[in-house]
1. Go ahead and estimate [θ] at 222 nm for the chain from helices alone: -39,500 (n - 2.57) per DSSP H run with n ≥ 4, summed, over the residue count, rounded to 500.
2. Gain in length, D72 to W101, computed as 0.36 nm per residue apart minus the alpha-carbon separation, to one decimal in nm?
3. Tell me, what is the Rg over Rh of region 63-103, with Rh the Kirkwood radius over Cα pairs?
4. Name the long-range amide H neighbours of K6: under 5 Å, sequence gap of 5 or more, or other chain; modelled H, no Pro or chain starts.
5. Percent of alpha carbon pairs in the chain separated by more than 20 Å?
6. Got a sec? How would W101, W48 order by Cβ neighbour count within 10 Å, fewest to most?
7. If the chain between L26 and R92 were fully stretched, how many nm would it gain, using 0.36 nm times the residue separation less the Cα-Cα distance?
8. Radius of gyration and Dmax for region 9-59's Cα atoms, expressed in Å?
Amino acid sequence: MASCHKVPNTGRLIAAGTVNCSTVKLLRRLFSRAKEVWGIRFDREPVWRKHVLKEPSERVRELHEDEAERLDAAMRDDYAPLFDFVRANGQRKTECFTLRWSR
């Protein structure tokens, strides 16, 4: 595979979701904006669905009872409210840090 399909300095492949969201979706929006706002017409616009990569279905992972106990034992006391909140609503850590009042 070409080196451009790998995460720099790791050797890991770029995830299909990253390609779809960061590249295909972005280019499609750019083409749409060019057509709608700037009035540009393309003779051979890409067929976008052909460029969308298949993404694996999301894997649901829950802590087993012994894992939760070990996590609680290793966690600092000041993090306990955050972890209680995360466990209660089932969101990922990053989703909790981007919460808005509307949610």
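Computed from the coordinates by the stated procedures, all read-outs in this text should not be read as laboratory data. Keep in mind the model is a prediction, meaning the values are calculated, not measured. Quick reminder, even Gly has a Cβ in these numbers, built from the backbone with ideal geometry, and neighbours come from all protein chains shown.
1. Here the helix-only value at 222 nm equals -11000 deg cm²/dmol.
2. Between D72 and W101, full extension yields an extra 7.6 nm.
3. That ratio equals 1.02.
4. I14
5. Of the Cα pairs, 65 percent sit more than 20 Å apart.
6. Taking fewest neighbouring Cβ atoms as first place, the list is W101, W48.
7. Extending this stretch completely gives an extra 21.3 nm.
8. 14.1, 43
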